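Take a look at the structure below.
The values are calculated or read from the model by the stated rules, or taken from the named source; none is laboratory data. Since this is a predicted model, take the numbers as computed values, not measurements. As a convention, Cβ positions derive from the backbone with ideal geometry for all residues, glycine included, and neighbour counts pool all protein chains shown.
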Amino acid sequence: MTTLTTERLAETVGAMVVGVDRDRLLTDDRLPSWTLEALEANGVLVFRDLKLDDETQVLFSKKLGRVETFRMDPVHPEIFRVTLDPAKNPAATYLKGTFDWHIDGLTEEIPIMATLLSAHAVATSGGDTEFASTYQAYEDLSVDEKAEFESIRIVHTFEASQRLHNPNPTPEELALWRKRAPKEHPLIWKHRSGRRSLVLGATASHVVGWDEAEGRTFLNQLLERATGSGRVYRHQWQLGDAVMWDNTGVLHRACPYDPTSPRDMHRTTLFGDEAVQ
């Protein structure tokens with residue numbers, strides 16, 4: 001069997017996986033643990049031209065951990081379709097919020113662990129996905145900043161992320177957004193592995209105890225540092241690609257694309273098992 005290897009894609013995040021095909025996903029019992037270790041080390045794993053069908057994607061995802069279910073596909077309820085076509089995803093409007101840097105699940109007690117996304121159709125223009133390591137963002141802080149930021153806490157809301165692309169919502173939209181309760185997290189996530197990362201992104205509403213404008217400036221500047229030059233891997237999708245990322249230590253965003261685009265990504269999501277603390 002071909003030796004598994006990774007090839008670094010960017011300075012601080014992302015690696016290409018070499019030596020994996022669809023059959024190996026289903027038959028190599030060593031691959032799940034190898035994948036999780038490689039994900040921990042690289043933050044993002046890219047599998048070029050894997051051409052995953054839904055059944056294979058779900059089966060492999062279940063080898064990695066507990067998989068979330070949705071109501072979009074009665075045959076494969078674990079598949080969530082990332083598309084701006086409301087005929088394929090009734091929640092398509094809200095996916096415009098993914099055009100901003102974010103970490104999934106920060107309005108929950110326990111964010112999701114990881115995501116596997118496979119390309120079933122790609123945009124003719126735009127639609128790339130960008131990634132930046134929040135582990136590296138922490139490491140880039142000065143010694144004084146690391147000490148100062150220990151006590152900072154941030155409130156995360158669904159509303160904050162939606163207002164970035166819809167700043168003047170209707171009363172009905174606002175009421176729907178606010179059905180998701182706000183969640184307060186520390187700015188620095190102390191992982192049980194011993195690693196530390198920053199908890200940032202579009203859901204960050206305000207800094208607890210700070211003046212609102214001052215807090216917003218602080219959060220924006222910190223996000224700019226985390227996603228600045230040399231800190232981002234940008235994946236240019238090709239049909240059949242699959243990409244997996246560590247949601248507990250990586251920010252991501254989709255680059256804007258035409259709402260009428262055929263772009264159609266099939267996502268499986270692994271439940272998290274570690275609260276932000």
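Scan the range 31-52 residue by residue and report those that are assigned to a loop (DSSP other than H, G, I, E, B), under 26 Å from Thr12 (Cα atoms) and more than 17 Å from the chain's Cα centre (by Cα). Of everything in the range 31-52, those that are assigned to a loop (DSSP other than H, G, I, E, B), under 26 Å from Thr12 (Cα atoms) and more than 17 Å from the chain's Cα centre (by Cα) turn out to be Arg48, Asp49, Leu50.
Beta carbons closer than 8 Å, at least 6 apart along the sequence or on distinct chains, pair a first residue in the range 216-234 that is free of Cβ contacts under 8 Å to residues at least 60 places away in the same chain with a second that is hydrophobic (A, V, I, L, M, F, W, C) for Phe218/Val207; Phe218/Trp210.
Considering the conditions (1) surrounded by fewer than 16 Cβ atoms within 10 Å (Cβ to Cβ); (2) of a type outside the set (A, V, I, L, M); (3) in contact with a helix residue (DSSP H, G or I) (Cβ under 9 Å, 6 or more places away or on another chain), Gln277 is excluded by exactly one of them, (3).
Residues of the range 63-75 include at least one that is among the β-branched types (Val, Ile, Thr) and not in a strand (DSSP E or B).
Let me confirm something: among Ala137, Ala114, Ala147, which residue is buried (at least 22 other Cβ atoms within 10 Å of the Cβ), more than 30 Å from Val58 (Cα to Cα), modelled with pLDDT of 95 or more and of a type in the set (Gly, Ala, Ser)?
On the way: Ala114 fails: more than 30 Å from Val58 (Cα to Cα); Ala147 fails: buried (at least 22 other Cβ atoms within 10 Å of the Cβ).
Testing whether each residue is buried (at least 22 other Cβ atoms within 10 Å of the Cβ), more than 30 Å from Val58 (Cα to Cα), modelled with pLDDT of 95 or more and of a type in the set (Gly, Ala, Ser) leaves just Ala137.
Among what's in the range 76-107 and is part of a loop (DSSP other than H, G, I, E, B) and among the charged types (D, E, K, R), pick the residue that is farthest from Ser161 (Cα to Cα). So the residue we want is Glu78. For the range 47-81, filtering for residues that are without any contact (Cβ under 8 Å) to a residue 40 or more places away in the chain and basic (Lys, Arg) leaves 3. Counting only residues that are among the β-branched types (Val, Ile, Thr) and either in a helix (DSSP H, G or I) or closer than 15 Å to Leu251 by Cα (or both), the range 108-149 holds 5 of them.
On the stretch given as the range 86-100, residues that are within 23 Å of Leu39 (Cβ to Cβ) and either free of Cβ contacts under 8 Å to residues at least 12 places away in the same chain or surrounded by 21 or more Cβ atoms within 10 Å (Cβ to Cβ) (or both) total 0. Across the range 189-210, the qualifying residues are those that are of a type in the set (Ser, Thr, Tyr) and in a loop (DSSP other than H, G, I, E, B), and the one among them that is nearest to Glu109 (Cα to Cα) is Thr203.
Per the conditions (1) buried (at least 17 other Cβ atoms within 10 Å of the Cβ); (2) under 20 Å from the mean Cα position of the chain (by Cα); (3) not in a strand (DSSP E or B), the sole criterion not satisfied by Val17 is (3).
Please tell me if His156 is in contact (Cβ under 8 Å) with a residue 24 or more places away in the chain and touching a Leu at 6+ places or on another chain (Cβ under 6 Å). Step through it out loud before you land on a result.
Working: in contact (Cβ under 8 Å) with a residue 24 or more places away in the chain: yes; touching a Leu at 6+ places or on another chain (Cβ under 6 Å): yes.
For His156, the condition - in contact (Cβ under 8 Å) with a residue 24 or more places away in the chain and touching a Leu at 6+ places or on another chain (Cβ under 6 Å) - is met.
Can Ser197 be described as surrounded by fewer than 21 Cβ atoms within 10 Å (Cβ to Cβ) and either touching a Cys at 6+ places or on another chain (Cβ under 6 Å) or of a type in the set (Ser, Thr, Tyr) (or both)? Judged against the criteria, Ser197 is not a match. Tell me yes or no: at least one residue of the range 170-182 is under 16 Å from the mean Cα position of the chain (by Cα), acidic (Asp, Glu) and either outside any strand (DSSP E or B) or at pLDDT 95 or above (or both). The answer is no; no qualifying residue exists.
Among the residues of the range 226-251, what is the count of those that are of a type in the set (Ser, Thr, Tyr) and within 27 Å of Arg22 (Cα to Cα)? Walk me through it before giving the result.
Taking the range 226-251 as the starting set, the residues that turn out to be of a type in the set (Ser, Thr, Tyr) are 227, 229, 233, 248.
Among the residues that remain, those that are also within 27 Å of Arg22 (Cα to Cα) are: 233, 248.
Residues in the range 226-251 being of a type in the set (Ser, Thr, Tyr) and within 27 Å of Arg22 (Cα to Cα): 2 in total.
Contact annotation: residue pairs with Cβ atoms under 7 Å, 6 or more positions apart or on different chains, pairing a residue in the range 133-153 that is touching a residue at least 12 places away in the same chain (Cβ under 8 Å) and β-branched (Val, Ile, Thr) with a partner that is surrounded by 12 or more Cβ atoms within 10 Å (Cβ to Cβ) and part of a helix (DSSP H, G or I), are Thr134/Ala226.
Of Thr6, Thr2, all but one fail to be hydroxyl-bearing (Ser, Thr, Tyr) and assigned to a loop (DSSP other than H, G, I, E, B); the exception is Thr2.
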